Ligand code: DO4
Ligand code: MG
């Protein structure tokens, strides 16, 4: 096994066995096992081994035994069902944090929705970024699992974001994609409603894989989003992460100031893709967020009461 630009790690459900960690290669996912053959069920387990030996995660993955079975990635990328192998959240983050107004497009969108002018342009330019607690594991959806639209929101949109998986010391262990579902009408009414805008059942999806790499690629990714309604595309947008206003390391520095974060915390780095103001997500919409290096995170939207 080997990959010059990194390793794409998936977590999958294997009926009769449970969660397993796998490495993606050429359209397949190969389950990983420790050198003694013991199956690995999480990135946490691999990180614990790396922590014990002081080796980078990419090295530890390289040293793992290629195990059976091998799955077709396309066959795993399906709605979760206990009897069929399927993709799971690639990492179960004890906490998900998010940064806001880190792209010019996000600043513009907040100015259009808000009754509290001044708040968003100030934070876009300020030294201190906007950071907020976004989700806990029970509020996170993996690939193909539903994401929520609050029952009391008429204007909810997905926020496609580059996400980083952090180690206990704040080091970036890997890159993934996240959807920061957001109720624009509730936030627009009053910015103090931010927690209700952002945190509710199935408010966040993460995946489909985690890219472990030592390459400095944070400014080189092209993120895209596509939304389908009853089989037709109703929105498509894209952004380069080169437009991110702040280095991810700066976001992490502020996140960790006077604040301990547990290993495997996920940080969403803010959205640079916002649908036009007339667009609101509806139940049944299928939201896809993609980057070539990470894959496509697909989730249907449902109303949550
Ligand atoms: O306060 C607004 C939240 C902004 C946000 O989530 C983003 O820019 O991605
Ligand atoms: Mg966001």
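The values are calculated or read from the model by the stated rules, or taken from the named source; none is laboratory data. Not measured: the values here are computed from a predicted model. Positions of Cβ are backbone-derived with ideal geometry, glycine not excepted, and every protein chain shown enters the neighbour counts.
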Could you say which residue among 32, 88, 57 is under 24 Å from residue 263 (Cα atoms) and at pLDDT 95 or above? 88
Against the condition touching a residue at least 24 places away in the same chain (Cβ under 8 Å) and more than 23 Å from residue 22 (Cα to Cα), how does residue 220 come out, does it pass? no
Residues of region 117-141 being surrounded by fewer than 23 Cβ atoms within 10 Å (Cβ to Cβ), outside any helix (DSSP H, G or I) and touching a strand residue (DSSP E or B) at 6+ places or on another chain (Cβ under 9 Å), which ones? 129, 130, 131, 132, 133, 136
Looking only at region 63-77, count how many residues are closer than 28 Å to residue 265 by Cβ and at pLDDT 95 or above. 3
Does residue 72 count as in contact with a strand residue (DSSP E or B) (Cβ under 7 Å, 6 or more places away or on another chain) and away from ligand 2 (no atom under 16 Å from the Cβ)? yes
Collect the residues in region 27-37 that are in contact with a helix residue (DSSP H, G or I) (Cβ under 9 Å, 6 or more places away or on another chain) and exposed (fewer than 14 other Cβ atoms within 10 Å of the Cβ), keeping them in residue-number order. 27
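For region 105-119, enumerate the residues that are more than 15 Å from residue 183 (Cα to Cα) and within 10 Å of ligand 1 (Cβ to nearest atom). Even if it seems obvious, please write down each step before you answer.
Just the residues of region 105-119 that are more than 15 Å from residue 183 (Cα to Cα), to begin with: 105, 107-108, 116-119.
Those that are more than 15 Å from residue 183 (Cα to Cα) and within 10 Å of ligand 1 (Cβ to nearest atom): 105, 107, 119.
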